[in-house]
Structure formats: structure tokens, C-alpha cells
Amino acid sequence: MRWSNLLIPTLKETPQDAEIISHQLMLRAGLIRRLGSGLYTYMPLGVRALRKVQAIVREEMDRAGAQEVLMPVMHPKEIWEKSGRYEGLKNVMFRVKDRQDREMVLGPTHEEIITDLVSREITSYKQFPCNFYQIQSKFRDEIRPRFGLMRCKEFIMKDAYSFDVSSEAADVSYQKMYDAYVRIFKRCGLHAMAVDADTGDMGGSSSHEFMIPCDAGEDAILEADDGSYAANLERAEGICDLPMVFAGAELALAAVETPAVGKIEDVAKLLEIETRQLVKTLIYVSDEKPVAVLLPGNRDVNEIKLNKVLPGAELADPEVIREVTGAEVGFAGPVGLDIPVIVDRSLKGLKGGVIGANETDKHLKNFDLERDCGITEFVDVALAYAGDLAPNGKGRLVEKRGVEVGHVFKLGTKYSEALGANFLDENGKSHPAVMGCYGIGVSRTLQAVIEQSNDKFGIIWPISVAPFELLITVLSPKDENCMQKALDIKTILEAQGVDVLLDDRQERPGFKFKDADLLGLPLRLTIGERGLAKGEVELKARTDKDFEAIPLDQAVVKTFEKITAMREAL
RNA sequence: CGGAGAGUAACUCAGUCUGGUAGAGUGCCUGCUUUGGGAGCAGGACGUCGCAGGUUCGAAUCCUGUCUCUCCGACCA
């Protein structure tokens with residue numbers, strides 16, 4: 001392909017509304033243009049890179065035994081009502097009406113649609129296992145689209161759905177997808193990590209997210225420093241290993257005056273103790289009943305974890321707190337409280353703690369959890385922190401940020417039951433299929449590649465997803481000899497299956513080199529009059545500091561060798 | 001939705017406080033020169049100052065409303 005035949009609108013200046021480097025570079029290199037918030041056009045170069053990612057995804061999904069299908073983007077609302085997600089996802093779904101005033105939704109995901117299909121077509125145990133996937137635009141009314149392709153209202157996703165006869169068989173399907181994901185991201189040149197994740201709206205029993213570590217990532221990850229554990233912050237379990245025994249452990253409960261001091265930090269300061277010696281007593285309301293939640297003073301509630309113990313729990317209003325504790329906000333404590341108490345496991349063995357006295361301006365010290373409350377049951381409802389021990393008790397947790405590019409779920413039978421995807425076993429007995437679902441944000445993956453691979457001059461494409469593999473820069477396109485040599489090389493390499501972009505623009509060399517670095521194609525072959533006079537052309541990888549002069553008659557061979565080596569490295 | 005900021009040429013931005021002929025750089029077009037890391041000179045085209053009202057002799061500028069975009073929080077591939 002010739003540059004002059006492609007719209008590649010490179011920008012010298014950084015567009016104002018791009019915050020992170022990958023977004024800036026996608027705009028500057030002319031890969032995408034914005035239509036509206038969270039809506040982007042893929043320019044010719046962007047489409048080429050996107051197709052490369054898609055090709056890798058297809059190859060690996062096919063290899064893993066998944067079958068490609070293509071489902072409608074637009075769905076009748078009734079099918080979403082069957083699973084209950086018409087309500088559950090009502091804030092993310094775009095809704096439209098047809099001329100009959102029938103309500104439709106634009107698909108944010110396709111569990112319901114594929115399960116409906118399978119319920120009709122897959123009816124015998126002999127047809128299992130099976131796995132269907134598609135690559136398609138998804139629509140989500142995101143609260144806040146961000147960072148170019150990172151979070152869009154319309155984005156391209158690969159979604160796959162597996163169906164099995166048992167949960168053991170489903171585990172095998174899950175593992176196959178997990179392994180395929182590892183290969184996909186590796187082939188895209190990405191350093192992805194799999195982390196334990198929450199299942200969120202999707203439901204199901206367990207899931208892993210595939211994260212690309214980078215500072216611009218929207219998710220927080222906690223990883224054990226020995227690599228034995230990694231989880232999304234919202235899911236992570238941390239063990240605080242410091243003994244919760246403080247001065248005054250053996251003494252009886254005693255009141256201390258804390259006038260107008262209700263905040264953890266202020267109480268700790270006044271009493272000259274650590275914040276973790278204090279017990280944070282939070283009053284939640286779940287199912288219209290108040291419940292107390294206890295944590296060390298230096299920890300916060302993980303609302304996702306709490307919701308599993310206390311469905312729909314929300315922090316109580318001040319009036320409720322006053323009613324329940326008989327004190328102003330800030331002086332709640334577990335002793336003498338007449339409501340259920342949930343205790344985070346990090347409080348296990350607490351002696352010598354300080355609690356609210358359920359009396360305004362007073363706290364109680366020398367608190368012993370078991371002695372004074374008789375509490376012996378603990379749950380995990382706290383946010384894990386960097387510095388905690390990993391759940392296996394070995395590594396220490398370190399915080400990272402990451403971009404979620406893929407997510408695999410074990411769904412169980414939630415959707416198959418709701419939509420009647422049952423099959424008959426050997427004995428003619430009916431069972432719901434056991435499902436898994438697997439998503440890759442294809443467009444997001446593309447941007448993640450750039451976020452992870454760039455320098456101050458521009459993008460550095462891994463060859464597997466680069467819009468072109470080779471850039472031939474013709475320094476003097478007017479010179480017939482130069483142009484002819486370049487075209488000859490291009491023709492041969494293209495015949496050998498190399499994606500070649502020929503910069504035939506009538507521009508000064510410096511201008512073309514800057515654009516070349518910005519585009520970041522993995523290999524550049526420079527052909528100029530000066531070199532040709534010596535019978536030489538120049539070869540330079542995007543990551544090389546300097547070019548290598550090679551004889552003209554070896555240009556094709558050497559270039560092909562390099563391309564081959566680059567391909568094989570991924 | 002809450003908080004913060006921004007809408008002026010294709011892009012980056014000045015001008016707004018203090019109302020008085022709409023600007024710069026980049027890009028684009030033409031010509032000449034130049035040609036190995038975003039060239040120089042000369043000439044040229046491009047604007048409903050986001051939109052709608054209002055105040056005023058006069059509004060990019062002041063007032064009111066409204067829309068859009070970006071960033072920070074809750075959602076997710």
C-alpha cells in the first residue's frame with residue numbers, strides 16, 4: 001500500500017482532549033477520530049491494527065474449539081426480561097423502539113441471546129461440550145466514557161459462551177478459554193496477568209480478569225510479591241498479620257471522655273494510640289434492618305464483599321444511627337448494641353481495643369472482643385491493602401494498576417435455567433446446561449498495546465498487531481531510480497506475505513522520519529539517492545537506535561529475515 | 001448524577017477581567033528556493049467566537065438559559 005493512497009492524518013501537536021499516552025498517540029498517528037463522547041471512527045490504519053488483533057483472537061478461539069457465530073446487535077426486550085437483567089442492567093442498556101413501538105435494546109452482552117439459541121438447538125448430551133463466539137460491537141451507556149477506546153459507549157468485543165453437561169466439564173471449558181486468553185495476549189505483545197475477580201452483574205461462581213499492568217489502568221490490583229496471588233482490589237483478600245493485642249489488654253472496660261471527637265483519626269490522636277487499635281463500628285441497613293459492621297479503625301469496608309453477606313446493604317442515615325446507638329454519629333460501639341453484629345476477620349483476637357460507648361462524647365477502652373462481646377465468628381468484609389499478607393500467608397501484597405482486557409466467568413446454570421437451555425442425559429433426564437462466558441475487549445486491547453509500548457517519539461507496535469509490518473521510506477520519490485527500486489522491493493516482499501507501507505509522499509526526509517516514528521511500524525527500510533549511489537539501503541527496527549546499511553541486492557532477503565525473526569519472537 | 005475545567009480558523013491556543021474593525025503559530029492552496037530527523041521567503045483561502053435569548057449606540061467580551069467536550073468519583077470488556 002502506498003501512503004499517498006491512505007488517509008493517515010498525523011498530528012504534530014497533542015489534541016487537547018486526550019489525557020493518556022495511548023489515546024494521544026492513537027489520535028496523533030491518525031488511527032482514530034472522535035465522533036462524540038465514547039464514540040470513535042477507526043481510520044484506515046486503525047482498522048488494519050484492529051483486524052490484526054481480531055485475527056489473533058479468531059485463530060486462538062478456533063484453535064480452542066470455539067465456533068464463530070454472529071448474533072443480532074438489536075434484541076427484543078422480552079428475552080432480557082426472562083433473565084431478570086432487563087431490570088438489572090437497565091442503567092447500561094441503550095433502548096430503542098421500532099415503528100410498532102416495540103421496545104428493543106442494543107446488546108451490551110449476549111448471554112441471553114446465545115442461551116436462547118442453545119435452548120432450541122442443543123438438546124442432547126451428545127452435542128456437548130460446545131462453545132460459541134462472536135466479534136461484534138457492543139453498546140453500553142457508560143456513566144463516563146474515558147480515555148479514547150478504553151471505555152466507550154460502543155466498542156468491539158469478542159464474547160464466547162461455553163455449554164457443558166456438568167460443572168466438572170465446564171471447568172475444562174473454562175480452563176481452555178483461560179489458556180487461549182493467555183496465548184492471545186501474549187501474541188498481541190502484551191504482558192497480561194490473570195487476577196481473581198468479582199463476577200458483578202454477570203453472576204456465577206468465579207472469574208478471572210486479564211489485566212494489562214499500567215499506570216493509566218482504571219482497576220486496582222493487589223499482587224503478592226512472590227507472584228503466588230493476584231486479585232482485583234474489589235475481590236482481594238488480605239491478611240493483616242499484626243497481633244491485635246494492645247496495652248490494657250488485661251484490664252476491664254473503662255470509659256474515656258472524648259468530647260466532640262468522633263472521627264477515628266481524631267480519637268486516635270487524642271488518646272495517643274494507633275488508628276487500628278480503635279474499632280470502626282459502622283451501621284448499615286440491609287433488608288430495612290440495621291446491622292453493625294466492625295472493622296479495625298485503619299480499614300475500610302469492601303462493599304462488594306459486604307453485599308455478599310448483607311444483600312443490598314447501605315450505610316445508615318444519621319437518624320437511624322442515633323436511634324440504634326443512642327449517640328451521635330462517631331460514638332457507636334458493639335457493647336450493648338441490640339442489633340446483629342458482623343465482625344471483620346482482621347479483628348480476630350482483639351484485646352485492648354477502643355470502641356465507641358454508644359454515648360455521645362464517650363469511648364470505651366480495654367475492649368476485648370471475645371470477653372466483652374462473646375464474638376467468635378468472623379467474615380471478610382474489609383478492603384485488602386498493600387502490605388497485607390496474601391491469603392496463602394506467604395507473599396506480601398503490592399498494589400498495581402491495570403487495564404482489564406479480558407474477563408472469564410464460570411456462570412453455572414443461572415442463564416440456562418432462566419431461558420430453558422436444558423438437555424437430556426443418557427438416562428433421558430433433563431438438566432440445565434452449565435455455562436461459562438468469556439469476553440475480550442478487542443478495541444480496548446488495541447489501545448492497551450499502545451499504552452504498554454511507546455516512547456517519546458510515538459508508538460512501538462509489536463509486529464503481530466502493527467497496521468503494517470514494514471515501512472519503506474522513499475526519500476526522493478521524484479527520483480525514478482529510487483522509486484523503482486522501492487517498488488521492486490515492495491512487490492517482492494508483498495508477494496512473500498509481508499504487509500508493506502510505502503511512504504511515497506513528496507516531503508522532506510526529516511518530516512517523513514518523524515511520521516515514521518510516530519506510526520511506529522516495527523521495521524523501516526529507507527531508500528535514498530545518497531545510499532543508492534553506494535548501492536545501499538538502510539534497515540532500522542523501530543526499537544533500534546541506528547540503522548544498518550545493507551547492500552541493495554540483499555535488501556529483500558535481509559528485510560524478510562528480520563520480519564520473520566520479529567514474527568517468531570511473538 | 002455530584003465536583004472541577006473547557007468551548008474562538010482544520011489543529012494548538014491568545015483575546016474575555018476593563019464591551020469599540022476577530023488574532024498568532026501550525027496545517028492547507030500558489031510560486032520560488034531548499035531536500036538525511038517535523039525547512040525558508042513571498043503571496044493566498046478558511047470564523048454565524050457552541051447555541052438561544054437579554055442588556056447596550058455597540059457584545060467573543062456583561063447577564064440568563066441551554067448544549068457539547070474533558071478530568072475526578074459510582075459502572076464495566
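Here the label points at A:GLU507 and A:ASP98, each 7 Å from Cα along the C-beta direction, are separated by 4.9 nm in the simple model. For A:PHE423, nonlocal amide neighbours, meaning residues 5 or more places apart or on other chains whose placed amide H falls under 5 Å from its own, are A:HIS431, A:ALA433. Estimated at 0.36 nm per residue, the fully extended path between A:ARG51 and A:LYS289 surpasses their Cα-Cα distance by 80.3 nm. Across segment A:268-318, Cα pairs under 8 Å and at least six residues apart give a relative contact order of 36 percent.
Express as a percent, rounded to the nearest 5, the fraction of DSSP beta bridges in chain A (both residues included) that run antiparallel. Bridges in chain A are about 80 percent antiparallel. Only Cα pairs under 8 Å and 6+ residues apart enter the sum, and on that basis the relative contact order of chain A stands at 17 percent.
Measuring nothing but how far apart in sequence close Cα pairs (under 8 Å, 6+ apart) lie, relative to its length, segment A:246-388 scores a relative contact order of 31 percent.
Rounded to the nearest whole Hz, the Karplus-based 3J(HN,Hα) values (6.51 cos²θ - 1.76 cosθ + 1.60, θ = phi - 60°) of segment A:24-36 follow the sequence 4, 5, 5, 6, 5, 7, x, 8, 9, 9, 7, 9, x, with x at glycine and proline.
In the context of the full set of protein chains, residues of chain A present 46 Å² of accessible surface per residue (probe radius 1.4 Å, heavy atoms only).
Of all DSSP beta bridges confined to segment A:254-373, the antiparallel ones make up roughly 80%.
Annotation note: GluC sites (Glu not before Pro) in segment A:392-482 located in DSSP loop regions with a Cβ neighbour count of at most 14 within 10 Å are A:GLU426. A straight chain from A:ILE339 to A:GLU234 at 0.36 nm per residue would run longer than the Cα-Cα distance by 35.1 nm. Near the amide H of A:SER206, within less than 5 Å, lie the amide hydrogens of A:LYS410, all on another chain or at least 5 residues away, with H placed in the peptide plane. Across all Cα pairs in chain A, the calculated P(r) in 10 Å bins from zero up to the longest distance comes to 3, 14, 20, 19, 17, 13, 7, 4, 1, 0 percent per bin. Amide H contacts of A:LEU523 (H built 1.01 Å from N, in plane; Pro and chain starts excluded): A:LEU471, A:ARG542 sit under 5 Å, all sequence-distant by 5 or more or on other chains. Principal axis analysis of the Cα atoms in segment A:203-258 yields extents of 51, 29, 27 Å, listed in decreasing size. Against the criterion of solvent-accessible heavy-atom surface with a 1.4 angstrom probe, A:ARG235, A:ARG299 sort, most first, into A:ARG235, A:ARG299. P(r) for segment A:103-196, from all Cα pairs and a bin width of 10 Å, is 13, 34, 36, 16, 1 %, short bins first. Here the Karplus curve 6.51 cos²θ - 1.76 cosθ + 1.60, taken at θ = phi - 60°, turns the phi angles of segment A:513-519 into couplings of 5, 4, 4, 4, 5, 4, 5 Hz, with x standing for Gly and Pro. Gain on full extension, evaluated as 0.36 nm per residue between A:ARG567 and A:VAL73 minus their Cα-Cα distance, stands at 174.3 nm.
Label-to-label distance, A:LYS362 versus A:LYS429, with points set 7 angstrom from Cα along the beta-carbon direction: 6.2 nm. Its DSSP H runs of at least 4 residues, each contributing -39,500 (n - 2.57), put the calculated 222 nm mean residue ellipticity of chain A at -8500 deg cm²/dmol, to the nearest 500. With the largest listed first and rounded to whole Å, the semi-axes of the equivalent ellipsoid of segment A:285-443 from the Cα gyration tensor are 40, 22, 16. Bridge orientation summary for segment A:461-568: considering DSSP beta bridges with both residues in this region, about 45 percent are antiparallel. By accessible area, using a 1.4 Å probe on protein heavy atoms only, segment A:461-568 has 50% of its surface on carbon and sulfur. What is the diffusion coefficient of segment A:365-501 in µm²/s, taking the Kirkwood radius over Cα pairs and the Stokes-Einstein relation at 20 °C with a viscosity of 1.002 mPa s? Translational D for this selection: 93 µm²/s. Spacing of the modelled spin labels on A:ALA549 and A:GLN127, each 7 Å from Cα toward Cβ, amounts to 6.8 nm. Here the Karplus curve 6.51 cos²θ - 1.76 cosθ + 1.60, taken at θ = phi - 60°, turns the phi angles of segment A:407-416 into couplings of 8, 10, 10, 9, 8, x, 10, 3, 7, 5 Hz, with x standing for Gly and Pro. Ordered from highest to lowest accessible area with the whole protein assembly present and a 1.4 Å probe, A:PHE185, A:PHE155 read as A:PHE155, A:PHE185.
The values are calculated or read from the model by the stated rules, or taken from the named source; none is laboratory data. The shown structure was predicted, so the numbers you read here are calculated from the model rather than taken from an experiment. Because the Cβ atoms are built from the backbone with ideal geometry, glycine has one as well, and the counts that use them run over all protein chains shown. Just so you know, the surface numbers come from the protein's heavy atoms only, side chains and all, with ligands and any DNA or RNA stripped out. Shrake-Rupley method; radii C 1.70, N 1.55, O 1.52, S 1.80 Å.
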